[in-house]
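K.L.:
My questions all concern the structure below.
Readers should treat all values here as calculations from the given coordinates under stated rules, not as data from a laboratory. Just so we're clear, the structure is a prediction, and the values are computed from it rather than from any experiment.
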Ligand code: AR6
């Protein structure tokens, strides 16, 4: 499914984000930036060890040894990935507080897009941030994700955004969310 918005495009696909050929892919990381399971593990495995080395340097030099805060984003090279860059962001852990989680999830998408644009990137693939290990219900997360992306694209000339869903079920949930938001607009 593909829609045009303000000269930009938003696509929903089913696929593996490590195979995407957009200039950047987004990693649903954790604050340590040292890798993990899920999509984070898959991205680090496909990119190779140089990725974690660059993440370590970012932790030490740019973050003064601290964790990357929830909702923030940093950028690295893509190393062995087809994508040139990886944007690492941290989504919220779902703890049942809808408003707090929503704000943080929205920030994760928005800050990733802004960081991409600041680096001259015009195409990016996102996974479904927070809906795996972090347990954010997909029916809620999909609406927040799509709204955040659409808001950004309506205000900016960015290019191409791809939401790479890992199952048909997730794809259908995101598709419904996109269709209902388009109807409301
Ligand atoms: N391509 C696209 N989507 C994928 C892939 C892939 N190769 N692999 C998994 N997914 P998760 P989170 C989907 O758990 O909830 C990690 O340990 C997956 O099916 O990866 O934000 C980090 O280090 C799900 O729909 O991320 C953090 O500690 C979605 O990606 C924590 O998990 C997100 O699931 C982050 O948890």
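K.L.:
How long, wide and thick is the stretch 108-185, going by the Cα atoms along their three principal axes, in whole angstroms, largest first?
P.N.:
Principal extents (largest minus smallest coordinate, Cα): 33, 30, 17 Å.
K.L.:
Kindly give the semi-axes, whole Å and largest first, of the ellipsoid equivalent to the chain, taking each as the square root of 5 times a Cα gyration tensor eigenvalue.
P.N.:
24, 18, 16
K.L.:
Convert 4 °C to kelvin, take the viscosity as 1.567 mPa s, use the Kirkwood radius over C-alpha pairs of the stretch 1-100 as Rh, and evaluate the Stokes-Einstein diffusion coefficient in µm²/s, rounded to a whole number.
P.N.:
In µm²/s, the coefficient is 89.
K.L.:
Report the semi-axes of the equivalent ellipsoid for the stretch 73-125 in whole Å, largest first, where each axis is √(5λ) for an eigenvalue λ of the Cα gyration tensor.
P.N.:
The three semi-axes for the stretch 73-125 are 25, 12, 7 Å.
K.L.:
Among 143, 104, 56, which one moves the most in a GNM of the chain with springs linking Cα atoms closer than 10 Å?
P.N.:
Fluctuation is largest for 56.
K.L.:
Next up: Report for the stretch 2-184 the percent antiparallel among DSSP-assigned beta bridges with both residues inside it, nearest 5.
P.N.:
35
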